[in-house]
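Quick note: the coordinates plus some simple rules give every number you see, no bench work behind them. This one's a predicted model, so the numbers in the text were calculated from it and none came from an experiment. Note: ideal-geometry Cβ built from the backbone for every residue, glycine included; neighbour counts use all protein chains shown.
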Amino acid sequence: MTTPQQSHRADVLVLAAALIWGVAFYFQKTAMDDIGPLLFIGLRGMLASVALLPLAFYERKNTSSPVTSLLPIAMLGGLLFFIAGSIQQLGLVTATVTNTGFLTAIYVVITPFLYWIIKKRAPDKVTWFAVVLAFFGVWGLSGGTLDGLSNGDILVACSSIFWALLLITTGESAKHQQPLSYTCIQFFVVGVLGLLSALLFETVEWESIKQAAVPVLYVGLLSTAFTFALMAMALKHVAAPRASILLSTETLFAAAAGYVMLGERLSIIAWIGAALILTAVLVLTRSRA
């Protein structure tokens, strides 16, 4: 039984994760000043996998299920994360941190429609309402015309499709009851795919990697491995629907990071659009609470 004090602490942990993820967009963008997006994804995945390895080994000691049963879905999760993360990183080269935060959040709205395609579960009226809000939100965020979206914005919006697929895959992995092992394998796949792709398509230099050390460490260790541990602790005492509502504040933290650290500014209509996207996310998550 969860006490009010435990519930409060869990809420704080979820908000801390949202803060770390929101600020991570700043580091993801600034890392592109020194290294390519594929190398960044590879380093991020490998660092997170190594950091989670001891926890995964501990989990393995307390389960009788063979890790081989987990491999297919964990590898699929890694592939989807790599695709989503790569597209997002490519978008961040030109997209602002603020726009990235709000456009990425669209995955919450897209997920029910992917469920419709994959599991034949038709969206309800609330979902359709959220889609309308999200559409006008993107329209407003682009300045009142979809032509106002940069190529980076479009890429970030496209990445939300794969983030939604990853969310569904991660949900399916829960039946294996090995979340730490799943995540560790997933990020190892991300690391391998990212590093191999970087060696093939980008210039990899040790000096450049050292220049990008702070963003890579922040995202690989703090924003990925550490926040997963935070969420694992928090979800013992807070329901997933409530957690998803709290996590939607990630978009606000991203906007704050862009405002304070990069001097990004939005027009009035763009702020209205951002508010509509956030409202769509809150409406959808609240309907599942």
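Each Cα pair under 8 Å and six or more residues apart adds its separation to the average, and for the chain the resulting relative contact order is 44 percent. If you wrap the Cα atoms of the stretch 64-181 in a convex hull and average its projected area over all directions, you get 8.3 nm². The alpha carbon convex hull volume per residue for the stretch 113-222 rounds to 179 Å³. With only the Cα atoms considered, the stretch 43-108 has a convex hull volume of 120 Å³ per residue. This ranking places L155, L252 by how few other beta-carbon atoms lie within 10 Å of each, fewest first, which gives L252, L155.
Computed from phi, the 3J(HN,Hα) profile of the stretch 216-226 under the Karplus parametrisation 6.51, -1.76, 1.60 (θ = phi - 60°) reads 5, 5, 4, 6, x, 9, 6, 6, 10, 5, 5 Hz, with x in place of Gly and Pro.
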